[in-house]
Amino acid sequence: MKAGAHKHSHQKQELPALTDRLRRQSRKITGPRAAILEILRQHPHPLTNREIFAEMSKGSGDLATIYRSMHLLEKMGMVKRFDFGDGAARFELMAEGDDGHHHHLVCTKCSEVVEIEECFPKKTEEKIAAKNGFKAVTHRLEFFGICPECQR
Ligand SMILES: [Zn+2]
Ligand SMILES: [Zn+2]
Ligand SMILES: [Zn+2]
């Protein structure tokens with residue numbers, strides 16, 4: 001990894017390690033929370049609450065429970081929220097000690113999502129910060145286009 005790059009990895013995390021993180025923060029591993037973590041673990045891309053709900057087995061939680069759980073998991077730094085500009089919050093699992101900062105390339109035809117590792121050099125943010133007298137400048141950015149499959 002380049003010096004000054006944002007720290008982010010897409011390594012698949014183990015479920016026991018995830019539930020252990022919940023436990024360490026004195027949070028109960030409720031059925032829905034464990035189910036949500038397991039679903040997110042199996043999807044390397046951000047999911048909406050509705051997509052998580054659709055993956056959940058019947059009876060293991062309703063949509064309201066998922067909304068509440070996502071809010072809590074986000075506060076705990078276990079998931080990161082992404083916004084693709086369509087009004088639906090998307091969540092992705094965050095590795096421990098990771099700031100989760102990365103970008104996505106989204107197909108506007110089929111909604112296929114590609115994880116993007118490229119990012120602005122930290123220097124750009126430092127320059128913007130210095131120029132405007134800001135501190136702790138960061139950014140959000142998602143890319144959109146047409147995937148190879150949809151070009152056929
Ligand atoms: Zn991602
Ligand atoms: Zn596509
Ligand atoms: Zn970035």
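The values are calculated or read from the model by the stated rules, or taken from the named source; none is laboratory data. Note that the structure is a prediction, hence the values are computed from the model and not measured. Here Cβ is always computed from backbone atoms with ideal geometry, including for glycine, and neighbour counts include all displayed protein chains. Just so you know, the surface numbers come from the protein's heavy atoms only, side chains and all, with ligands and any DNA or RNA stripped out. Shrake-Rupley method; radii C 1.70, N 1.55, O 1.52, S 1.80 Å.
Would you please state which residues of the stretch 99-129 a label at GLU142 would reach in this model, taking the label point 7 Å out along Cα→Cβ and a backbone N cut-off of under 17 Å? Under cut-off, by backbone N: 100-118. Here's how it looks for HIS104: its modeled amide H is under 5 Å from those of ILE116, PHE143, which are all 5 or more places away or on a different chain. Helix 15-24 and the longest principal axis of the C-alpha atoms of the chain enclose an angle of approximately 90°. For the chain, the longest principal axis of the C-alpha atoms and the axis of helix 122-132 are separated by about 70°.
Between 0 and 90 degrees, the angle of helix 31-42 with respect to the longest Cα principal axis of the chain falls at about 40 degrees. Taking 0.36 nm per residue of separation and subtracting the current Cα-Cα distance, fully stretching the chain between GLU38 and PHE84 would add 14.3 nm.
Using a probe radius of 1.4 angstrom, the carbon and sulfur fraction of the accessible surface of the chain is 54%. Annotation: amide H of GLU112 within the under-5 Å range of CYS107, sequence separation 5 or more or interchain, hydrogens built in the peptide plane. Using C-alpha pairs under 8 Å with a sequence gap of at least 6, the mean separation divided by the residue count of the chain gives a relative contact order of 22 percent.
Would you mind calculating the gained length between ALA129 and GLN25 on full extension (0.36 nm times residue separation, minus the Cα-Cα distance), in nm to one decimal?
Stretched out fully, the ALA129 to GLN25 stretch lengthens by 34.1 nm.
With θ set to phi - 60°, apply the Karplus curve 6.51 cos²θ - 1.76 cosθ + 1.60 along the stretch 86-93 and write out the HN-Hα couplings as whole Hz, x wherever there is a Gly or Pro. Here the 3J(HN,Hα) series is 10, x, 10, 5, 10, 10, 9, 5 Hz.
Within the chain, CYS110, CYS119, CYS150 have no other Cys Cβ under 4.7 Å of their Cβ and so lack a disulfide-compatible partner by this rule. Of LEU47, ILE116, LEU63, which is farthest along the charge dipole of the chain in the positive direction, counting Lys and Arg as +1 and Asp and Glu as -1 at C-beta? So the residue furthest toward the plus end is LEU63.
Over the chain, consider all pairs of different Cα atoms and compute the Kirkwood hydrodynamic radius from their mean reciprocal separation; express it in Å, one decimal.
17.1 Å
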